[in-house]
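Remarks on the structure that follows.
The values are calculated or read from the model by the stated rules, or taken from the named source; none is laboratory data. Because the structure is a prediction, the values reported are computed rather than measured. Quick reminder, even Gly has a Cβ in these numbers, built from the backbone with ideal geometry, and neighbours come from all protein chains shown. For the accessible areas, the whole protein counts, side chains as well, though only heavy atoms, and no ligand, DNA or RNA atoms are used. Shrake-Rupley method; radii C 1.70, N 1.55, O 1.52, S 1.80 Å.
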Amino acid sequence: MENYKSEEKTSFLGNDPALSAIPEKDRQHWITPAMIFGGLEFTIPVLMVGAALTASFGLSKILFILIIALFGFQWVGNTLQGYIGAKTGRTSSVIAKTSFGSLQAKVIVGLTIFVVSLGWWALQTAVAGNAMSAMFGIDYETNWIGWAIVTTIAGLLFAAPSIIGYGSMKWTDYLAVPSGLILIIGGIYLALKNTGWETISSWNPEPTMTIFAAISLVIGVNVSQWVIASDYTRYAKPTWRDNWIIPSGIVLIGFPLFIVGAIMSVGVGDPDIVNVMMNLGFPVWGFLILWFATWTSQLVNNYSMGLALANVLNVNSGKGRALLTLIGTIIAIIIALMGILQYFEDFLYLTALLYPAIAGVMMGDFFFIRRQEWKDIPGWNWMATIAVVAGIIVGYITQYVSPMGLPAVQSLLVSIAVYIIAMKIKKKVAPDRFTV
């Protein structure tokens with residue numbers, strides 16, 4: 001940490017590129033991306049999933065579910081994708097040009113990241129609009145115009161640092177993460193005061209979902225990071241040590257936040273975290289902290305959305321990236337106002353189907369085919385397409401048709417295996433620029 005201060009660089013509109021690699025001289029101490037990852041995990045859906053778990057499990061089982069999901073799977077996935085970003089210095093949608101081909105990386109990967117990141121951002125902005133409306137005494141269920149005004153203002157404020165760039169996001173997280181910790185402490189205190197430890201500790205409802213389904217739900221909140229982690233670790237040093245430590249920001253923040261969502265909802269019986277906070281008697285500062293903590297994850301979604309759109313449209317300049325991020329923000333606000341929140345769980349499951357399959361191809365190519373080398377390869381690699389389709393099919397079948405295991409993990413592993421096998425066959429039968 002002795003060189004931490006000297007390594008910091010401030011990124012403004014003009015020097016936060018979307019397509020080119022971040023030079024190693026501009027790489028930062030692992031604390032910076034770890035803090036941004038920690039901010040990413042301060043997200044309302046984490047609280048909502050924690051609350052949803054209490055419908056089926058007591059506190060001890062929820063602890064077990066979180067240990068398996070976060071430490072057993074999420075950390076590993078983030079480490080692998082994070083290392084790819086640090087090693088290449090590039091964003092996720094640009095890294096995909098090697099395995100998918102530059103055209104497919106734009107059409108499939110770039111647009112997927114753009115659409116899903118936009119959806120996450122819109123969803124959280126809608127919940128933040130609910131919270132701020134409640135704080136101002138606006139009934140967000142009956143006064144749509146008042147809610148829409150509050151939600152739009154909140155959305156524009158959420159977006160500002162990510163439009164400016166990476167450096168602005170970094171300093172926002174330094175302020176917001178401690179604020180989120182205050183929210184955790186306040187939530188536990190009010191839950192213990194109003195509900196009581198005896199009720200919380202003895203909570204043991206009749207399960208309505210399996211342990212595997214619960215683990216999948218937790219993974220679903222975070223699975224996008226298996227692809228977009230590179231957008232932030234591209235500023236990290238290309239060492240395994242740093243990229244193994246960086247995901248601690250997600251796990252060490254996410255673990256208590258899931259627990260708080262669960263503890264707060266016991267006895268309230270409502271997954272709507274705004275209703276839970278109102279029933280617990282949260283004061284005005286509680287809603288302010290909720291909004292401030294949400295800001296951190298919104299920055300990440302918005303920033304990745306802008307980077308992905310920049311890849312789709314082949315825009316590399318910092319100013320161009322900022323403009324595209326602003327355009328995406330306006331679209332996302334419109335979607336938030338249209339009522340995306342009611343599709344929360346469906347959106348989680350959609351994310352869990354798409355991202356693991358894409359991540360599997362990127363990881364399989366980087367670690368097993370190209371031996372940690374990146375290359376901008378033009379065209380469309382159909383082997384990558386086949387692997388993604390195979391991963392999505394396995395994820396869909398094991399999620400909806402015949403539920404079993406952990407669909408996101410199974411989708412990841414299948415796409416890796418199919419891609420490696422398909423590429424080896426292609427190399428023997430019809431070698432081209434994608435084979436090595």
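Rounded to the nearest 20, the size of the Cβ-charge dipole of the range 204-336 about its Cα centre is 620 debye, with Lys and Arg at +1 and Asp and Glu at -1.
For the range 31-78, the fraction of 1.4 Å probe accessible surface lying on carbon and sulfur atoms is 83 percent. Using the average count of surrounding beta-carbon atoms within 10 Å as a protection proxy, the listed peptides 40-49, 225-234 rank, highest first, as 225-234, 40-49.
Set Lys and Arg Cβ to +1 and Asp and Glu Cβ to -1, take the dipole of the range 209-366 about its Cα centre, and tell me which of 312, 353, 215 lies farthest positive. Towards the positive end, the residue furthest out is 312. Neighbours of residue 102, meaning other residues whose beta-carbon lies under 13 angstrom from its beta-carbon, give a summed charge of +4 when Lys and Arg score +1 and Asp and Glu score -1.
Which whole-number value in Å³ per residue fits the convex hull of the alpha carbons of the range 382-434? Present the calculation step by step, with values, prior to reporting the outcome.
Details: hull volume 3.3 nm³, N = 53.
Cα convex hull per residue, to the nearest whole number: 62 Å³.
The spread of Cα positions in the range 68-141, taken along each principal axis and listed from longest to shortest, comes to 52, 34, 20 Å. Rolling a 1.4 Å probe over the heavy atoms of the protein chains gives the chain an accessible area of 38 Å² per residue. Once divided by 2.2 N^0.38 Å, the Cα radius of gyration of the range 361-409 becomes 1.43. The 3J(HN,Hα) values that the Karplus relation (6.51, -1.76, 1.60; θ = phi - 60°) gives for the range 181-196 are, in residue order, 5, 5, 4, 4, 4, x, x, 5, 4, 5, 5, 5, 5, 8, 9, x Hz. Gly and Pro appear as x.
Let me know the charge dipole size of the range 317-424 about its Cα centre in debye, to the nearest 20, where only the beta-carbon of Lys, Arg (+1) and Asp, Glu (-1) is charged. Write out the running numbers ahead of the final one.
Numbers: 6 positive and 5 negative charges, 77 e Å.
That gives a dipole near 360 debye.
Farthest toward the positive end of the dipole of the chain, out of 203, 395, 96, is the Cα of 96, where the dipole comes from beta carbon charges about the Cα centre. With respect to the chain, whose longest principal axis is taken over its alpha-carbon atoms, helix 44-53 is tilted by about 70°.
Rounded to the nearest 0.05, what FRET efficiency do residue 435 and residue 240 give with R0 = 25 Å and r taken as the Cβ-Cβ distance? Could you check?
About 0.35, to the nearest 0.05.
Helix 318-337 versus the longest principal axis of the chain: what angle, 0 to 90°, nearest 10, using Cα atoms? Once rounded, the angle reads 40 degrees. For the range 356-398, applying the loop criterion from DSSP together with a ceiling of 13 other beta carbons within 10 Å to the trypsin sites (Lys or Arg not before Pro) yields 371, 375. Projected over every direction and averaged, the convex hull enclosing the alpha-carbon atoms of the chain yields 19.7 nm².
Please report the carbon-and-sulfur percent of the accessible area for the range 117-169; probe 1.4 Å, protein heavy atoms only, DNA, RNA and ligands left out. Provide the component values of the computation, followed by the final result.
Working: 1270 of 1740 Å².
Result for the range 117-169: 73 percent of the exposed heavy-atom area is carbon or sulfur.
Search the structure for amide H atoms under 5 Å from the amide H of residue 236, placed 1.01 Å from N in the peptide plane, and list their residues when 5 or more places away or on another chain. When sequence neighbours closer than 5 places are left aside, the close amide H contacts are 28.
Take 77-84, 197-204 and order them by the average number of nearby Cβ atoms within 10 Å per residue, most first; the result is 77-84, 197-204. Counting only alpha carbon atoms, the long axis of helix 248-265 and the longest principal axis of the chain meet at about 30°. Using only alpha-carbon positions in the range 115-168, the gyration tensor eigenvalues give semi-axes of 23, 12, 8 Å once each is multiplied by 5 and square-rooted (largest first).
Computed from point charges on the beta carbon alone (+1 for Lys and Arg, -1 for Asp and Glu), the dipole magnitude for the chain about its Cα centre is near 1680 Debye.
The spread of Cα positions in the range 18-146, taken along each principal axis and listed from longest to shortest, comes to 49, 42, 29 Å. Listed values for the range 415-425 are Karplus-derived 3J(HN,Hα) couplings in whole Hz (6.51 cos²θ - 1.76 cosθ + 1.60, θ = phi - 60°), namely 5, 4, 5, 5, 5, 4, 5, 4, 5, 5, 5, and x replaces Gly and Pro.
Ignoring ligands, DNA and RNA, what percent of the 1.4 Å accessible area of the range 305-436 is carbon and sulfur?
Working: 4320 of 6140 Å².
That fraction is 70 percent.
Identify, among 226, 112, 23, the residue whose Cα sits farthest towards the positive end of the charge dipole of the chain, taking +1 on the Cβ of Lys and Arg and -1 on the Cβ of Asp and Glu, with the dipole about the Cα centre. Positive-end residue among those listed: 23.
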